[in-house]
Amino acid sequence: MIDSAWLRGEWLRIAILLAAALLFGLLTGLWGYAGFGALAIWLTVHGREFVRFARWAVHPLSRPDNRTDAWQVPTARLYRAIRGSRSRSARLIAELRSLTALAEALPDAAVVVRTSGEIEAYNVAAQALLGLTTRDRGNNLVSLLRHPAVTALLSSRGGSDLVELVLPRYPSRNLEMRRIEIDSRRYLVLVRDITQLNRLLSMRQDFVANVSHELRTPLTVILGYLEAMEDPQLDADERRALVDRMRAPANRMKALVDDLLLLTRLESSPTPALDDLAPIDVGALITDIVTDAKQLSGGRHKFNLDIDRTLLIRGLRSELYSAFANLITNAVRYSPDGGAIDITWQPGDGGTAHFSVRDHGVGIAAEHISRITERFYRVDLASSRVRGGTGLGLAITKHVLKRHDSTLEVESRLGSGSRFSCNFPARLTITRSEHKELA
Ligand code: ADP
């Protein structure tokens, strides 16, 4: 119910005016002047109030300055209503802005489409993933993307709400498209780039297949020898010979498992911080590795060492041992008898340090060089196995170097040998005298 108390003041004012006019009329007999005077006063008051109202109406967010109740009460109410709706719409705009920001921040494409297929709205990721442009708003998503999976996804309400597809316009991109019903007239279509995920999945499958295959080969050999041992006719010497033959495949399996465990540890442990890296006497480390490599070589190779013994490096000794040992043993394995192996450890420009292994062996054809650090990638599988390789050595070396913020460089020519260089940044190098000062 409208509260009309504020009108009472106005009626009172009219009554006083009429009473004054009546009194004036009675006293003077000038009824015309009395009536006109009362009307003029009333109109002047309301005229001024109207002007105040009109001025306020231009800026309705400022406080109205009407004075009489008849004007002041309704304008104050109007003012409060305008302020209220203004703050409600400000709140709505803020909510809309944060929703828009949310949609724009999504890494996945989000498109709102009508059930008829027309595009209502989409986010920035939709432009990148689906190639939508501002002109496409209102167009049909199905005819824009022209893919049977999209047609099926948007045409069937009951069918599958998830499809995987490759759009003709982006052939190298695997997409996953999901349909979510917003209401009876609209869908939200979410699109995710799953190229990387698919690659990781297939890498994992390849990895498991490779490991199984690598383990099965020596295992089959061992099983063969075990079967042969069941022969009751065998004498003690023959049995011993069979046991000896089992040693090589068993060692191969052990080497493979050791490398797998090391690689897994390297991949799963966090990159060490500079403070976790202790100064390592690389000269002594290389000497230790070369002593082992000479055993493997059996005197068939000549080792030339050019080592700066004053140059140390901050690192993890066991990891660097594996990384360098893989390069040196590869040089032995892939070099013919009599081949020289040159090993250097020297400072480079700007305080950097470089470890390199140069052999004069079989070399690697250019097309293989970019792939040899992949797990289980071998240029020649049979020859790698015969030479005792696991196919994981260079993957381990690359990983160790990555954890030391360093890089592996490979130069090679088929038939004339290879050079593998490990390049360490200046922040990891330290001279022996600096080390002594710190100690
Ligand atoms: P593997 O255990 O088979 O040696 P690696 O990861 O150490 O595995 O090396 C991968 C492949 O790179 C090897 O199979 C071989 O084909 C090639 N390779 C590595 N080092 C050399 C080298 N010094 N000379 C020629 N080929 C090499």
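The values are calculated or read from the model by the stated rules, or taken from the named source; none is laboratory data. Predicted model only: the values in this text are computed from it and were never measured. As a convention, Cβ positions derive from the backbone with ideal geometry for all residues, glycine included, and neighbour counts pool all protein chains shown. Each accessible area value is taken on the protein alone, full model and side chains, heavy atoms only, with ligands, DNA and RNA left out. Shrake-Rupley method; radii C 1.70, N 1.55, O 1.52, S 1.80 Å.
For the range 335-439, the fraction of C-alpha pairs farther apart than 23 angstrom is 36 percent. Taking 0.36 nm per residue of separation and subtracting the Cα-Cα distance, full extension of the segment from Met203 to Thr407 would add 71.1 nm. Heavy-atom accessible area with a 1.4 Å probe sorts Leu165, Leu200, largest first, into Leu200, Leu165.
In plain terms, the C-alpha convex hull of the range 95-245 casts an average shadow of 15.3 nm² when viewed from every direction. Please state the shape class of the range 106-193: rounded when a/c is under 1.5, otherwise prolate if a/b exceeds b/c and oblate if not, all from the C-alpha gyration tensor. Note, shape of the range 106-193 comes out rounded. With both labels modelled 7 Å from their Cα along Cα-to-Cβ, the Val243 to Ala426 distance reads 6.0 nm. Over all distinct Cα-Cα pairs of the chain, the Kirkwood formula returns a hydrodynamic radius of 31.2 Å.
Taking a point 7 Å from the Cα of Arg77 along the Cα-to-Cβ direction, the residues of the range 5-24 with backbone N closer than 15 Å to it are 5-10.
Diagonalise the Cα gyration tensor of the range 198-268 and give the resulting equivalent ellipsoid semi-axes, square root of 5 times each eigenvalue, largest first, whole Å.
Semi-axes from the Cα gyration tensor: 35, 14, 5 Å.
All C-alpha pair distances within the range 2-101, sorted into 10 Å bins from zero, spread as 14, 29, 24, 16, 9, 5, 3, 1 percent across the bins. Think of a 1.4 Å ball rolled over the protein heavy atoms: the range 2-101 then has 74 Å² of accessible area per residue. Please report the projected area of the range 235-381's Cα convex hull averaged over all directions, in nm². About 12.0 nm², averaged over all directions. Helices meeting the span-like rule in the chain (full DSSP H runs, Cα extent of at least 15 Å along the helix axis, mean Kyte-Doolittle score of 0.5 or higher): 5-28, 31-58, 282-297.
Take the Cβ atoms of Ile180 and Ser85, set R0 to 30 Å, and the FRET efficiency comes out at 0.35.
Considering only protein heavy atoms and a probe of 1.4 Å, how much of the accessible area of the range 198-268 is carbon and sulfur, as a whole percent?
58 percent
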